[in-house]
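Everything below concerns the one structure shown next.
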Amino acid sequence: MDSTKMGFLGDGGKMWLKWWEKILVTEKRKETLASMCDERARMLQDQFNVSMNHIQAMSILISTFHHAKIPSAIDQKTFAKYTERTAFERPLTSGVAYAVRVLQSEREQFEKQQGWTIKRMDTLEQNPVHEDDYVADALEPSPIHEEYAPVIFAQDTISHVISIDMLSGKEDRENVLRARESGKGVLTAPFRLYLGGVFEIESLVEKLLQQLASKQTVLVNVYDTTNRTHPIPMYGSVVSGDEFYHVSFLNFGDPFRKHEMHCRFKQKPPWPLMAIGTSIGILIIALLVGHIFHATVNRIANVEEDYHKMIELKKRAEAADVAKSQFLATVSHEIRTPMNGVLGMMNMLMDTDLDVTQQEYVRTAQCSGKALVSIINEVLDQAKIESGKLELEAVLFDIRAIMDDVLSLFSEKSQGKGVELAVYVSDQVPRQLIGDPGRFRQIITNLMGNSIKFTDKGHIFVTIHLVEEVFHSIEVERESTSKDTEDTLSGFPIADGRRSWEGFQAFSHEGPLGSFSSSASSSSSSSNDFINLIVSVEDTGDGIPLESQPKIFTPFMQVGPSISRKHGGTGIGLSISKCLVGLMNGEIGFVSEPKIGSTFTFTAVFTNACPNSNEFNKTQQINNQPHPASSEFLGMAALVIDPRPVRAEVSRYHIQRLGVQVEIVSDLKQGLSAVTDGNVAINMVLIEQEVWERDSTMSSHFVNNIRKIAEVDKGIPPKLFILVNSSSSFKASSATSCVHNPTVVTKPLRASMLAASLQRAMGVGNKGNPRNGEHQALSLNHLLSGRKILIVDDNSVNRTVAAGALKKYGAGVVCVSSGIEAITMLTPPHEFDACFMDIQMPEMDGFEATKKIRHNENSENNKELSIHLPILAMTADVIQATHEECLKHGMDGYVSKPFEAEQLYREVSKFF
Amino acid sequence: MDQLQLQRELRDYEAAMFQQGFLDDQFSQLQKLQDDSSPDFVIEVMTMFFDDSEKLLNNMSRALEQIPVNFKQIDAYVHQQKGSSASVGAARVKNICATFRSFCEAQNRDGCVSCLQQLQKEYSQLKKNLKYLFRKQQEIKGGGGAIPTGE
């Protein structure tokens, strides 16, 4: 809004004000004046009427006492006295006189009677003098007329009019005649003399106005307007007042004469201060409003401008973010390729003739290179997650196998550190889940990797439960927490893991699990399809300093620079884990107490592969599906001697996976009685290292007793196993070993490894010569036995070696030398359980062949549940890019060439 | 005691081959695969490797003589050779193959020729050593002894 408009507004305001003032103010004034004027006129009239009435009364009095009585009861003196006393009754009159009708015939007698002659007043009319000045005697006697109206009585104030003939005055004569005719009082022109009384309009009005307060403000003029053109002013000075006046008509009871009262204000109307004030006020308000409006408009304009700037900045920021992610992705990828070369060359360098120092240098360089590649992979993951490109797979997997696998990855490290490592998977977790095993593994590996980095004593304990299971146990556990804080895996105190997931939405009562709490068994179908897992990784390490805890999930954030110097790493792992957990519809949380340890907990949602078998009442059924490598243990019974319930439970879990019944006791004495009195024959006794070493005499006593009992009863004593944390820490006591040498089982316990140990010791399965790597070989033997595997490789030597390896493990192997042959072999229906595929082959490479095979599988089985043959790539490429490439082309995993038993086992175990 | 002597000799010889880089861990993996069900697995595989390698080496030298040189073809041969040598744990041969391939990639004929010469030298050395090793093993076996493993 600009100023001209505002000016217009002001002008308009003024004009309006003027109009308003005119209409309202003058209208009001007019009204006031009219009412004042009317009021005055009415009062004047009233007063006049009152006087008139009295005069009439007086004339009646005279007629009564003068004419009706002879001799008259009234003389001049009485009349004067009476009238004087009653003067207040006639405020309008200055005096009262009474004239009587005298005919010519009676004049003489009358004059005689009165003692004076009738005098005329014509002359008086022509030379008006003041009343007091003329004397009646000086007047001429009235000429002869037909009749006369001489004043006989008069008030003292006008006693000079006595004897004057009223009919002699021209005006008066008419009036008198008229009055006689009408029988009423008449008004005369304002003469000094009047029949019956003299009215003083001037004093009347004066008196009247005195009674009214507003005498000063209003000017009153009274005019006799009988003659319209020449009104006779009766009262009031001709003072210039307001040009405006109001006219009220007066009626003095005489129809022949007209009177008007003109009223006007003495002062000109005052300046309309109110109006001025109001208009100024309105002007100011208008100005203010205008200003506010202007300011508002300006502000809106500013804000809009800012908004546009913001939008621009936001766009730029987003673009920068995208660019950053793209940059990271591109750069990481570009770095990986040459790193491949560097690592390869490094490998070659290692194999040349180097002295010890040089070898050390090369090894360091190689380690650094590998670390760099893993960091790049992490950064790439982060970039992918940020740009939303990371998608999870949905494939069938066995979570227990994954955990075994992860365990084997960390077992060496944990054994080296003397830290106890254990995994426990709840029985209620289904065997087969559908989800992304690789990413799940990545999360677990990351958490465990962190734990193992910061833990030098105690334990690392991974537990996997169903969320609802934990949910139900919350209350129970809460009660028992205070009693045994020492009830942990290694006896070291731990941070209370429950606090780490207290904030999880899944546990709030409004959360999706609300239904579980009410109806566990009759839960809806959705709870069967989706498996909500809660995984916690508990350690007894350094813990996270309190001040670092809030930013632990921030990318590249580490506890402190000294930490990264000591332990390495990018600090990106937890951030990635959090993202991955988010992608799995889960939540991650932790609780950590410095010097005590940390517990990380996350939830993840997977799909149940066989929903029908997952109802809680079928738990037994799941238990009855033993580890495939261990069917020969089915029906056996084991005794675990372990004073710590948690650890015993972990042992029970692993042994039970082999199909073995497990009984737990806390010390050797109870163990002995369990073996002796138990209804079931115990086939094996597993003793914790600390129990075994606590008292060697007790141990040997136990061993001897067991042997004796066995000899008496059945002849086969139960086998003894000692569970140890690291093989080096176990000092076999010669005393016992010579009698009954127990087998040492090194933790962490894994089903496959345990199976191998048991097989070896108990003589179940085929007896192999005890060579290194036998454990894996044995377990693989059963893992692969009866499986048919296709090997595709153009290199005959490779083919032979691979075939030899797999055959050795009991698999039926068929070899082909090209992708095309592989496709023909693998066109459904076929009887292969897995396929190992070389990637680099002439004519058709592994990727293409896999694609074709997958295509065939899908087209053939699109109606039923599709068959998915595990295809594993064989490649010499160590870099992850190749792995991803493999997955992209529909492969399920990869083994690096040349084969290594452990790796082969790891990959194959995922699928069987 | 003659057996023990032989066994020790064999072990030392094998250890020396590992130490000198002729063989690597993959060879011991191979040895582990050998058991009662396939008593001559290593020798079978190695024989196959020798046949394969000789064929490939011939192909390589022939391809290098051609003009223009088909580097792609040679690279494929070398890749094959590298793969099989990796599988049997012939470390030195494998390493030369890696270098060879980079020369192929760079289309460097001279480099390829010198690599081939080196490869031939290494290969014959390996073959000679392995043949000796196998002979020793057979001797021990003939004497009824067990073959010690590479550890």
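Report, in whole Å, the centroid distance computed from the Cα atoms of region A:530-551 and region A:571-605.
What the calculation gives is 6 Å, centre to centre.
So if we plug the beta-carbon distance of A:Lys28 and A:Glu89 into 1/(1 + (r/R0)^6) with R0 = 41 Å, what FRET efficiency do we get, rounded to 0.05?
So the FRET efficiency works out to roughly 0.55.
Would you calculate a helix-derived [θ] at 222 nm for chain B, using -39,500 (n - 2.57) for each DSSP H run of n ≥ 4 and dividing by the full residue count, to the nearest 500?
Taking each H run of at least 4 residues, the total per residue is -27500 deg cm²/dmol.
Please list the non-local residues whose amide H lies under 5 Å from the amide H of A:Gly95, H modeled 1.01 Å from N, same-chain partners needing a gap of 5 or more.
Hits under the 5 Å cutoff: A:Val198.
For B:Gln107, project a label point 7 Å along Cα to C-beta. Then give me every residue of region B:62-79 with its amide nitrogen under 12 Å of that point.
B:68-72
Note down the nm distance, to one decimal, between modelled labels 7 Å out along Cα→Cβ at B:Lys121 and at A:Ala319.
So the two model labels end up 6.0 nm from each other.
Between B:Tyr13 and A:Lys389, what FRET efficiency follows from the Cβ-Cβ distance if R0 is 51 Å, with the result rounded to 0.05?
Details: r = 55 Å, r/R0 = 1.08.
Result of the calculation: an efficiency of 0.40.
If packing is taken as the average count of other Cβ atoms within 10 Å, what order do B:124-133, A:427-436 fall into, highest mean first?
A:427-436, B:124-133
Mind giving me the nanometre distance, one decimal, between the label points for A:Thr743 and A:Met825, set 7 Å out from Cα along Cα→Cβ?
Each label point is offset 7 Å from its Cα along the Cβ direction, giving 3.5 nm.
Per-residue mean of other chain beta-carbon atoms within 10 angstrom of the beta-carbon, peptide A:409-419?
0
Of B:Ala91, B:Gln73, B:Ser61, which is farthest along the charge dipole of region B:52-95 in the positive direction, counting Lys and Arg as +1 and Asp and Glu as -1 at C-beta?
B:Ala91
Listing A:Leu177, A:Leu390, A:Leu447 from the residue with the fewest other Cβ atoms within 10 Å to the one with the most, what is the order?
A:Leu177, A:Leu390, A:Leu447
Using 0.36 nm per residue of separation minus the Cα-Cα distance, give me the extension gain between A:Lys81 and A:Ser700 in nm, one decimal.
Taking 0.36 nm per residue and subtracting the Cα distance, the gain is 206.2 nm.
Which log10 I(q)/I(0) values does region A:278-383 give at q = 0.16, 0.23 Å⁻¹ under the Debye formula, counting every alpha carbon as one identical point scatterer?
Listed by q, the Debye log ratios stand at -0.84, -1.10.
Mind telling me which of B:Arg92, B:Arg109, B:Arg101 comes out most flexible in a GNM of chain B, alpha-carbon contacts under 10 Å?
It is B:Arg109.
Spin-label point model (7 Å from Cα, Cβ direction): what's the B:Gln3 to A:Lys708 distance in nm?
Label at B:Gln3, label at A:Lys708, 4.2 nm between them.
So which of A:Lys324/A:Lys389; A:Lys69/A:Lys119; A:Lys852/B:Lys82; A:Lys314/A:Lys578 end up more than 18 Å apart by C-alpha?
Numbers: A:Lys324/A:Lys389 14 Å; A:Lys69/A:Lys119 26 Å; A:Lys852/B:Lys82 28 Å; A:Lys314/A:Lys578 26 Å.
In this structure, A:Lys69/A:Lys119; A:Lys852/B:Lys82; A:Lys314/A:Lys578 exceed 18 Å between Cα atoms.
By how many nm would the segment from A:Phe327 to A:Leu288 grow when fully extended, if each residue of separation counts as 0.36 nm and the alpha-carbon distance is taken off?
Values: separation 39, 0.36 × 39 = 14.04 nm, distance 5.62 nm.
Length difference between fully extended and current span is 8.4 nm.
Bear in mind these aren't lab numbers, they're just calculated from the coordinates by the rules spelled out. All values reported here derive from a predicted model rather than from experimental measurement. Ideal geometry is used to build each Cβ from the backbone, glycine not excepted, and the neighbour counts take in all protein chains shown.
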